[in-house]
C-alpha cells in the first residue's frame, strides 16, 4: 500500500516536472523573481548574523566590567586614582588601566583602534584571543614599533619591517615599525586594531600620565557586577561602569537595528513578491484551468491535483530558494555585500572594509525558508484547489 | 447500465440569465449497446453526457450508474465512479499539448495504484491496437486529426472502463475517418463496452451499429430511443 502511494506520487511528481518544462518560460520568470527576493533577504540575514558573530567574537575574553569617565555625558580620560578607590571594593580583583583611542586615517578613510601595550600581556577586550601569525609582540620598554592585524596590513599594504605613519596630537608624523601581524577570531579586530607601546600611544594621543582611557575591573563573582557597578557610582558619580552584558546588548541592538533597517528597505521587494504570489493565487491561466478540468474528467481526484500543484510549487520554490540563498551567500562572503554597501555607509566609516567570516545560522535559514517557500506553495495550491473542487465539465467549458 | 430519472441541470438558477440545458430527462441505456444522443448544437447533448459521466451534478432528478445513485455522491466517490466506469472522448479531444502520445494515454493511470511499468505496458498495448506505434513519442500537437482522435480513444480506454462517452467524435473527421471511428466503436461494443455518443452527424446516428438513438431539443429528450425521433 505504502509502495503504491509512493509509486503514485512518483508518477505525479514526474508529470509535475514535465508540466514545468512545458511552461518553461513562465517558470523561468518566476524562478528569477523569486530567486531575486530570496537573494536580497538572504544577503541581509547573512550580513547581520555575520556582523553579530563578529561582535560577539570581539567580546570573547572581555572583562566583566569596564569603568569609563563621563564628563557632561562625553567620554573623558579616567584618573588612575579612581582605580585605587575601585580596588578597595569587596569582590573586586585586579584593576588595570587601558590606553586606547580611535584614529581616523585620512589615507584609507577608515577609523582604526590604537591600543597601548604596557607589558608583554595584551590588555584589550578580546585581545587575549589574538594570535600572532608573523613576527613578535611588543616587548617591555620597546618603543617605536607596532603590531597590526593581518587585515590592517592588507588594507595599508604593510608588512613586517614596514612603517606605519600616524599623525600625533601636535600634528607631527610619527613612524612605527611593524614587528608583528596577528589574527583573531573576529575579522573586525584583525582589520581595525593597531597595537603600540603604551608610552608611544600616550605620547601620540597627548594623554597625561595620571589618566587612562578606561579601567578594566576583575570581578570575582560575575553575578556581583551590577552590585559593584552601583557601589562604584556611589563613590565616583562621574564614573560610567559598563558591564559585559550591557556591551553585548548594545551590539545586539546595533546589528538587529541595522538588519531591521535593511529589511525595511527591501520591504518593497518583498511586497512585489507577495503581489506576484497573490496574482498567482487569484488567477490560473486558461490553459492551467483547462488542464485541471481534463485531469479531473479522466479520473484524477482533487487530492491528486493538489499533490501535482504542490510538487510544481515546491520544485520551483526550492530551485529559486537554493539559487537565491547561494547567490546571497556569495554576495555577502565573497563579494563583500557590495549591493548593500550604500546602506552600510555609517558602519563602513566606523570600521575599515572587512571580509566577513562565512557562516550560516540554521535558525535564520529556516525562518527565511518558511517566509518565502510556504507562502509561495500556498499561493500555488489555493487557485488549483478552487478549480479542482469545481465540476470538471464547468471548468473545461468556462475556459 | 445508466438510468436517468427526471434529470434537470440549471445554470445561474434564479437569475435573469438562468438556463436549463437539460430539463426533466429520463432515459435508460443498457450494458453493451451503442446509444446515440442526437440533436442540433445547443440542444443539451454535451451537458447530458457530462451528467451521465459524473462530470457534473444534476440540479434535480436521479442518475443511476450500475444501480448506484450518483447524483448526491460526495466528490471523492464521484471521481471513483467516473474513473472506474467511464472513459471520455471530448469534442475538442482535450489532449495535453507538450507531452508525448504515450504520456497523454498514461495520464489517467498516474493517480492509480498501478506501477509505472504496468501502466506503460497497458498504454503500449492500446497504442498498438489503435495503430499509433510509430507516433508514440510524438507530441500530440504534431499529429493529424485522425491520429489525435485515436489518442483520445486510447486515453479513454486505458482505465478499462465499462462505458465510453464520446462527444461529437466525428466533428473534426472526414467521411473516411468517421467510418474508421465507427468501426473502432463497433469493436469496443463487441468487447462488451457500452458507448454513449452525442452527435449531430448522420454518419453516426444512421450507422447500423447504433442500437438506440435519443433525440434532444431544448434540453428535452423527445423519444425513448427505440425509434427515430426526427432528424437533427
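Taken together, the values in this text are just the output of simple stated rules run on the coordinates, not laboratory data. Nothing here was measured: the structure is a model prediction, and the numbers come from that model. Don't worry about glycine lacking a Cβ; one is built from the backbone with ideal geometry, like all the others, and counts go over all protein chains shown.
Compute the FRET efficiency between residue A:221 and residue A:131 as 1/(1 + (r/R0)^6), taking r as their Cβ-Cβ distance and R0 = 35 Å, and round to the nearest 0.05.
Computed FRET efficiency for residue A:221 and residue A:131: 0.70.
Taking a ≥ b ≥ c as the square roots of the eigenvalues of the Cα gyration tensor of the stretch B:96-172, is the shape rounded (a/c under 1.5), prolate (a/b larger than b/c) or oblate?
Here the stretch B:96-172 falls in the oblate category.
Under a crude label model (7 Å from the Cα following the beta-carbon direction), how far is residue B:187 from residue A:303 in nanometres?
It works out to 3.7 nm between the two label points.
To the nearest 10 degrees, how steeply does helix B:145-157 sit against the main Cα axis of chain B, on a 0 to 90 scale?
Rounded to the nearest ten degrees, it is 80.
Other chains' Cβ within 10 Å of B:45-51 residues: what's the mean?
2
Would you please give the FRET efficiency between residue A:394 and residue A:56, computed as 1/(1 + (r/R0)^6) with r the Cβ-Cβ distance and R0 = 60 Å, to the nearest 0.05?
With a Förster radius of 60 Å, E is 0.50.
Estimate the FRET efficiency between residue A:26 and residue A:169 by the formula 1/(1 + (r/R0)^6), using the beta-carbon distance for r and 60 Å for R0, to the nearest 0.05.
0.35
Is there a simple number for the mean count of other chain Cβ atoms within 10 Å of the Cβ of residues in A:287-297, and what is it?
Counting Cβ atoms of other protein chains within 10 Å of each residue's Cβ and averaging gives 4.
If neighbour count is taken as other Cβ atoms inside 10 Å, put B:184, A:86, A:389, A:106 in order from fewest to most.
By the 10 Å Cβ count, ascending, the order reads A:106, A:389, B:184, A:86.
Which shape class, rounded, prolate or oblate, goes with the stretch B:2-221 when its Cα gyration tensor gives a ≥ b ≥ c as root eigenvalues, a/c under 1.5 marks rounded, and past that a/b bigger than b/c marks prolate?
Since a/c reaches 1.5 and a/b is larger than b/c, the shape of the stretch B:2-221 is classed as prolate.
Taking each residue in B:101-114, count the Cβ atoms of any other chain within 10 Å of its Cβ, then average. What number comes out?
Going residue by residue through B:101-114 and averaging, the value is 5.
Angle, helix B:75-85 long axis vs. longest principal axis of chain B, Cα atoms, 0 to 90°, nearest 10?
The two axes meet at around 60 degrees.
Considering only the protein assembly as shown, what is the antiparallel percent among its DSSP beta bridges, to the nearest 5?
Approximately 65 percent, going by the DSSP bridge assignments.
Angle check, please: helix B:116-129 long axis (alpha carbons) against the longest principal axis of chain B (alpha carbons), in degrees 0 to 90, nearest 10.
Tilt of helix B:116-129: around 80 degrees.
Would you kindly state how much longer the chain becomes between residue B:172 and residue B:220 on full extension, computed as 0.36 nm times their sequence separation minus their alpha carbon distance, in nm to one decimal?
Full extension from residue B:172 to residue B:220 adds 14.7 nm.
I want to check the label-to-label distance for residue B:69 and residue A:160. Put each point 7 Å from Cα in the C-beta direction and report it in nm to one decimal.
Rounded to a tenth, the inter-label distance reads 9.7 nm.
How would you order B:35-45, A:208-218 from highest to lowest mean count of nearby Cβ atoms within 10 Å?
Sorting B:35-45, A:208-218 by mean packing, highest first, produces B:35-45, A:208-218.
Tell me the label-point distance for the pair residue B:5, residue A:361, using the 7 Å Cα-to-Cβ offset, in nm and rounded to one decimal.
In this crude label model, residue B:5 to residue A:361 measures out at 6.9 nm.
State whether the protein assembly as shown is rounded, prolate or oblate according to the following rule on the C-alpha gyration tensor (a ≥ b ≥ c being the square roots of its eigenvalues): a/c under 1.5 gives rounded; otherwise a/b larger than b/c gives prolate, and the remaining case gives oblate.
Prolate shape, in that a/c is at least 1.5 and a/b is the bigger ratio.
For the residues A:300, A:100, what sequence is obtained by ranking on other C-beta atoms within 10 Å, fewest first?
Fewest-to-most ranking of A:300, A:100: A:100, A:300.
Could you tell me how far the Cα centroid of the stretch B:151-208 sits from the Cα centroid of the stretch B:1-43, in Å?
The distance from the Cα centre of the stretch B:1-43 to that of the stretch B:151-208 comes to 20 Å.
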